[in-house]
Amino acid sequence: MKKTAFILSSLISISPIVSAQSLALEYEKALAYLNTKGEVYFTFAIQSRQEIAALTKFLSIDDVNNLNVMAYANKKQFDIFIPYNYTYTVLPHPGDSHPNLKMYTPDTKAAFDFTLYPTYDAYLGMAAILKSHI
């Protein structure tokens, strides 16, 4: 019984340390995005939907699914968000391209093949084709 109580009390005392380390890691990730992209994309949970009214005054809310919020913030907005003490997780920025994104170029695929994303040059070629049909 003493052993169980000791283990339980040890876990409880370690929990805030692990939580603080997780928050510090997420904060570092957020700062990295803020320094390179100028904004951070993240998710956090709210207790009730009424909180959204206050949050939308300084955050760009992307989506709310049940009580999970996905939002964007620049440095100033993120500095306002931090004192609210939400536990958040930094997400990959949606603007970052996926490493397996399939692209095509004008010389490798027919124009208007919408199964792949066009490169900028392919896009210009598609625009020229459309312009010639006007």
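Would you tally the net charge around Asn35, using a Cβ to Cβ cut-off of less than 12 Å, leaving Asn35 out, and scoring K and R as +1, D and E as -1? Mind dumping the intermediate values first?
On the way: positive: Lys29, Lys37, Lys75; negative: Glu28, Glu39.
Value of the local net charge: +1.
Expected output is a single nm value to one decimal: the length gained when fully extending between Tyr86 and Asp121, i.e. 0.36 nm times separation in residues minus the C-alpha distance. What is it? Present the calculation step by step, with values, prior to reporting the outcome.
Details: separation 35, 0.36 × 35 = 12.60 nm, distance 4.38 nm.
Gain on stretching Tyr86 to Asp121: 8.2 nm.
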Note down the net charge around Pro83, summing +1 for each Lys or Arg and -1 for each Asp or Glu among other residues with Cβ under 15 Å from its Cβ.
-> +1
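Each value in this text was obtained by applying a stated rule to the coordinates, not by laboratory testing. What you see is a predicted model; the values in this text were computed from it and never measured. All Cβ positions, glycine included, derive from the backbone under ideal geometry; neighbour counts span all protein chains shown.
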